[in-house]
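Okay, structure first, notes after.
Any read-out appearing in this document is the output of simple, stated calculations on the displayed coordinates, not a laboratory observation. Note that this is a predicted model, so its numbers are computed, not measured. Every residue, glycine among them, receives a Cβ derived from its backbone with ideal geometry; neighbour counts consider all protein chains shown.
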Amino acid sequence: MKVVASVVLVLGLISFFCNKKLNDAYFLRIIHESKEYLKSVQMYNAYRFDVNGKPKYIEASSNNLGDETFLVIIGESQNRKHMSAYGYSRDTTPWLDVQRTKENFVIMKNGYACNTLTMLALSQALTEKSQYNHKTLDKSYSLIDIAKAAGFKTYWISNQAQYGSYNTPITLIANSADEKIWLNSDSSASSSYDEKILPALSMVKGKGKKVIFIHLYGNHWEYNNRYPQEKYGIFDNSNYNGKVVDLKKLNAYDNSMYYNDCITEKIFQYAKQNWHVSNIVYFSDHGESVLNDNKHIPGKYDDDMGTVPVYFYFSDEYIKAHPDIVKRTKNNEGVYFTNDMMYNALIDLLGIKTPHYDVKENFLSDEYGYGAGKLLILDKIKI
């Protein structure tokens with residue numbers, strides 16, 4: 001509710017400025033985005049709060065007790081075809097290359113994005129809404145909603161901008177978390193290195209069962225702004241022989257992939273050393289068409305925009321406590337799925353019981369009901 005009040009205040013201030021004839025494109029864009037955000041907040045909250053502003057009851061419970069942490073890391077614009085852990089020729093993911101050989105890791109081979117835009121991809125990956133059930137966002141509970149109802153404390157740490165037309169639905173979902181840490185106030189594509197996330201990790205303190213979401217800036221265009229070039233600019237024109245529209249952009253993208261691997265390693269290390277981590281999940285919102293220089297523009301869709309990495313880490317304690325889940329995950333490492341099914345898979349991993357769950361859309365389940373030929377991207381393109 002504080003967000004709504006803040007937006008109203010912003011609208012009032014900007015209207016004041018515009019009445020003084022300061023109505024240039026910048027202020028008009030802020031007004032438009034503020035109005036759209038306010039409308040979204042009102043619709044989204046109407047499903048979650050009663051007329052008195054109290055949270056509605058959500059049926060959800062969990063058998064997980066005590067000090068237990070689940071971590072969800074969300075990548076950005078990451079195409080698994082550019083990861084050496086998935087067979088890419090350049091050594092872009094040396095840390096993940098090693099992890100994939102360990103018993104505690106499962107790397108899914110055939111994950112796809114449901115959409116090529118972050119806003120639409122994550123608004124489905126993190127909620128009940130999917131391409132297959134046709135629910136609307138304002139009438140879909142999020143993973144944060146369900147986790148809180150099941151007794152987890154929830155955190156959202158992001159290096160992406162909090163507001164803006166490309167971020168609004170994600171902000172709505174994130175703002176329902178108990179603790180929010182926004183590290184990037186710039187909605188443009190300027191430099192905001194993901195290493196900013198590392199010192200913020202120490203802000204998560206205390207015992208109890210927790211779900212922590214970390215949203216990276218990852219590999220988003222412009223690629224050369226995603227990493228410190230003096231340390232991580234390791235790929236150049238001398239070590240690539242394939243066909244590509246713009247080799248400089250490819251080099252920058254692969255450098256950003258290498259940097260992402262280094263940052264992810266540090267997040268893993270911190271989490272395992274400082275939190276009682278049971279499970280870590282990594283997935284990207286969508287891929288990126290780098291070789292054709294189409295970025296992730298829906299109107300120029302090619303397969304590279306849809307291919308994403310998805311992998312899981314299980315602690316020794318989690319493996320002992322939930323051998324069936326770990327076994328199912330390993331058995332299903334080759335299934336085809338889209339990331340709008342992450343919501344159901346994560347509810348399974350968290351051990352949550354709720355009617356807001358569809359086992360058929362859980363690609364880790366023995367009852368998974370989809371696969372190649374039944375899956376969609378952008379609601380229309382068949383995999």
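General observations
- Cβ-placed point charges (K, R +1; D, E -1), dipole of the chain about Cα centre in debye, nearest 20: 720 debye
- Length, then width, then depth: along the principal axes, the Cα atoms of the stretch 188-303 run 51, 34, 27 Å.
- Binning the alpha carbon pair distances of the chain at 20 angstrom intervals from zero yields the distribution 28, 59, 12, 0, expressed in whole percent.
- Selection from Y301, V281, L350, by position along the positive dipole direction of the stretch 281-368 (Cβ): L350
- Under 5 Å, built H, 5+ apart or other chain: amide partners of F337: Y112
- Residue (of Y86, N251, H134) at the positive-pole extreme of the chain, dipole from beta-carbon charges: H134
- Taking the stretch 273-326 and dividing mean pair separation by its residue count, relative contact order in percent (alpha carbons under 8 Å, at least six apart): 41 percent
- Segments 203-215, 314-326, 141-153 sorted - mean Cβ within 10 Å per residue, highest first: 141-153, 203-215, 314-326
- Sparse-neighbourhood loop sites, GluC sites (Glu not before Pro) in the stretch 76-143 - DSSP loop, at most 11 other Cβ within 10 angstrom: E103
- Here the stretch 301-343 yields Rg over Rh of 1.08, to two decimals, using C-alpha coordinates and the Kirkwood radius.
- Rounded to the nearest 500, the 222 nm mean residue ellipticity of the chain from helices alone is -10000 deg cm²/dmol, with -39,500 (n - 2.57) taken per DSSP H run of at least 4 residues.
- log₁₀ of I(q)/I(0) at q = 0.16, 0.17, 0.24, 0.26 Å⁻¹ - the stretch 76-162, Debye sum with one point per alpha carbon: -0.92, -0.99, -1.16, -1.19
- Phi-based couplings in Hz for the stretch 329-344 (Karplus 6.51, -1.76, 1.60; Gly and Pro marked x): 4, 5, 5, 9, 4, x, 5, 8, 7, 10, 6, 6, 8, 4, 3, 6
- Computed on the chain, with alpha-carbon pairs under 8 angstrom and 6+ residues apart, the relative contact order is 26 percent.
- HN-Hα J in Hz across the stretch 347-358 - Karplus 6.51, -1.76, 1.60, θ = phi - 60°, x for Gly and Pro: 4, 4, 5, 6, x, 8, 9, 7, x, 8, 8, 10
- Share antiparallel - DSSP beta bridges, the chain, percent rounded to 5: 40 percent
- Rg over Rh for the stretch 230-383 works out to 1.02, both radii taken from alpha-carbon positions and Rh defined as the Kirkwood radius.
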